[in-house]
Structures are given as C-alpha cells and as structure tokens.
Amino acid sequence: MPIDSKKVIEIASRLPIESNERGIMAAFGVYAAMNYNEFFFKVVSRVIQMLDYRTAEEVEKKLYDAVLECGYHTFHGARTSMHWREYILPMINSPEDEVYALVAFTNVFGIGYIEVEELIPGQKLVAVVKNAYDPGRYMEEYGPQPHGRCYMFSACTASYMDLVYGPRYPTGMGTFVSKEVSCRSMGDNICRFIAERIKI
Amino acid sequence: MLINFNPDLNILKLNGVMVSLHCHHYNCGLVNALEEMEGVDVREIIIQAAAEEFYVNFKNYMQQHLEDKTVQEKLRAAADLYRFMGFGRLNLSQLNELGGEACADSSYYVTGWLAKYGRRKTPICYLTCGFLSGILAAIYGGTVDKYRVEEKNCMITGHNCCEFVVLVREQCL
C-alpha cells in the first residue's frame, strides 16, 4: 500500500528551509532560493519565443537536464537527511514506497501538485500535475503550444526513478528518460509525464 | 515577510505572490543553458524579468505594509526581502533617487555558480541588477525601466564583493 503522501507533505513542510544572515539558503546539500513563478515563466517563454522550433527544443532539453540535476541531487540530499531518516524512512517499506515519498516530498516547493498515476517497479512511472503554473500562462500569453512546456515536472519524474531504481548515487542520473505526453499548454486538461528506463 | 503554503495544491505564496523554491543546479543551470544559445541576450532578459517582478510585487508590498515608512526604511525592507528569498546580502544605503552604488558581500548566484561551475570571467548577478532596478523604480516612482544597473565588479571574478552602479536612464531624467 502506498505511503501516506499527505503525511509526508505535512512533515516536509515543517522543515526549516530558511536563509541565514548572509542570505544564503543551504538545504539537503544544495543552495536554494525562492523566486516568483512568473519570473521563470517570463525568462523561459521569452527566450523560446525568440527561437525557431528546433532551437527552442534544444533549449528545453538543456533546461530538462538542469532540472534533472536539481531533482537528482536535491532529492538524494533529502532522503539522506536526518529529518527524512527520523520521520519518513519509517514509513518506507519498499522501493515503490520511496518513489511515492519522493513525489510527495516535491509538493512543498511551490511548483504545483504532482502525484503518481501509475508505477511499474523498476520500469515506468506516470505522474500527473493538474495545476502547474507555466501551462496556464503559456495559454494566456501565447495560445496553444506545439508541445508540452513542463520540462520541470518531466525531469523530476525521471529523477525519482533514477534515484530509486538507477545505479547507486551519484552514478544513476539519466537511467530513465521522461516525456510529457499531455500538457495544459496544448489544450489538454492535465499535464502527464511518463518516465521509462532508457533501452540500451 | 508573510509566507503562505497550501499543501493540497503545493502553492507557496510570499506576501501574496506565487513563488517556488529551486536549487542552484536549476537556477545556475538555467542561466548556463541560455547563455550557450547564440543570439540570446540572457543577461538582458533576466534583468528585465526580474525588474518587472520586483517592481510590481514590491510596490504592492509597500502599499500594504510600508506606506508611512521613510525611503531608508523601504530600502532596508527591500534588502530584507532579497535576503529572505535567499539571494544574498545587499547594502542599499548608498542609493538615492538618482541611483548610486550598492554592494553585496554575499551572493546566491556567486555561491551557486562556484559550487556548480567554478569561477568565470564575467559577472553573474543578473537577477540582482533587475532587483535593484525594480525596487528603486517602485520606491522612487517612475516606470519599471527608469533605472539602468550594471554590475561593476563581481565576486565570481575574484573581487571581495559585488558592486552595482545604478543610473537613471537618460530618457527618464
């Protein structure tokens, strides 16, 4: 039975992620910063609008890779933290539980609510997000998009699988690859991501 | 600073505005990815987006919380906001309506970039330039593009602190 996601979120949201007197926010082995969602939308969407389709895809691939690194390292830092060991690890009884816990843990960063729709152990994860910020803004500003714009959630979906089913950290990044198969920016009613093991 | 979190939607609001937390792998990776694209002036795009966001959001914050405060108190509140968001520590005391200089002895983008990529030869604190431009226009009045900000020295290139020069754009004088 999957772990209690609400409980994970409740525990994780109590974490003291705060900046120090020098304005630096160090947590889980990474440096975090809080920024306006609209800032990210403006920067990325304005760049994409300046580029041809192929170049825009290249940029989004690079951004996917940046988020993959972000997710891979941050979630690893989280799952090896004392807080995780004390409060969340006791709820985890299988690798699948860990996937559910990591997905739930993502739901404290303010990026929209991600949840598991389907998990095939070691092979495939389908995650969905109903309220990602960017798709609605793309529709408002630019109309329907030719492909999904949620590289952030897409990369997160792959990073969970990399960490849980890939080779031991830090060598497992890129074991899985994720694709956004539906996106609200294209007119779909939900954003859906499928991460699958890369076939060699 | 007022933080509100909705756990059912994973929505985080700072003073009523949607924000999110990201690590240096993404924040610096974003800058790096865009800088690699030919023909994209990522510096200008980041400065403009940051100026717009800090302008409108700090203006609203002042209207709600700082209406009877002095300019120096508003500048301190802006520096507090910057520190709270995790961007570093800024001294804004030498700024006035005509611009001036600001300095930072701690910078998120310098710290994050050093951790991820090491040193570079050019300044990296684009967001800070936009922040300064936005909050000054909000405090002193005028359009969002009233001020032009240049990072004269940056810790990423080996200086002791990041120094920013702020000027009023000619057409705004």
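Since every read-out is calculated from the coordinates, none of them should be taken as a lab result. Keep in mind it's a predicted model, so treat the numbers as computed, not measured. Cβ atoms come from the backbone with ideal geometry, glycine included; neighbour counts cover every protein chain shown.
Which of A:G148, A:G110, A:G172 moves the most in a Gaussian network model of chain A with Cα springs under 10 Å? Sorting by GNM fluctuation, first place goes to A:G110.
Here the Karplus relation 6.51 cos²θ - 1.76 cosθ + 1.60, evaluated at θ = phi - 60°, turns the backbone of segment A:156-167 into coupling constants of 4, 4, 5, 5, 4, 5, 4, 5, 7, 10, x, x Hz, with x for every Gly and Pro. Of the residues A:I92, A:G143, A:C183, the one whose Cα sits farthest toward the positive end of the charge dipole of segment A:5-197, with +1 on the Cβ of Lys and Arg and -1 on the Cβ of Asp and Glu, is A:I92.
Along its first, second and third principal axes, ordered by size, the protein assembly as shown spans 64, 47, 39 Å in Cα coordinates.
Just from its helices, what would the mean residue ellipticity at 222 nm be for chain A, if runs of 4 or more DSSP H residues each count -39500 (n - 2.57) and the sum is divided by every residue, rounded to the nearest 500 deg cm²/dmol?
-14000 deg cm²/dmol
Take each residue of peptide B:6-18, count the partner chain Cβ atoms within 10 Å of its Cβ, and average: the result is 5.
Annotation: lysines with alpha-carbon distance below 17 angstrom to B:K116 (same-chain offsets under eight excluded): A:K62.
Segment A:147-167 and segment B:9-69 have Cα centres spaced 24 Å apart. Per-residue mean of foreign Cβ neighbours for A:51-63 is 2 (Cβ atoms of other chains, 10 Å radius). Segment B:N60..B:T157, full-extension length gain: 31.4 nm, with 0.36 nm per residue of separation and the alpha-carbon distance subtracted. Ordering of B:110-116, B:86-92 by packing is B:86-92, B:110-116, highest average first (other Cβ atoms within 10 Å, averaged per residue).
Panel values: chain A, Kirkwood radius from alpha carbon pairs, Stokes-Einstein at 37 °C and 0.692 mPa s, translational diffusion coefficient 188 µm²/s. Here's the list of lysines a cross-link from B:K146 could span, going by alpha-carbon distance under 27 Å and ignoring same-chain residues fewer than 8 apart: A:K42, B:K59, B:K69, B:K74. For chain B, the mean residue ellipticity at 222 nm estimated from helices alone is -14000 deg cm²/dmol, where every DSSP H run of n ≥ 4 contributes -39500 (n - 2.57) and the total is divided by all residues, rounded to the nearest 500.
Label positions at B:E73 and A:N93, each projected 7 Å from the Cα along the C-beta direction, are separated by 5.8 nm. Peptide A:84-97 is shielded by partner chain Cβ atoms: per residue, an average of 0 of them sit within 10 Å of its Cβ.
Spin-label model, A:H83 to A:K179: label points 7 Å out along the Cα-to-beta-carbon direction sit 3.6 nm apart. Rounded to 0.05, the FRET efficiency of the A:Y169 and B:N6 pair, given R0 = 41 Å and the Cβ-Cβ distance, is 0.85. Here is what passes the span test in chain B: the DSSP H helices with alpha carbon length of 15 Å or more along the helix axis and a Kyte-Doolittle mean of 0.5 or above are B:126-140.
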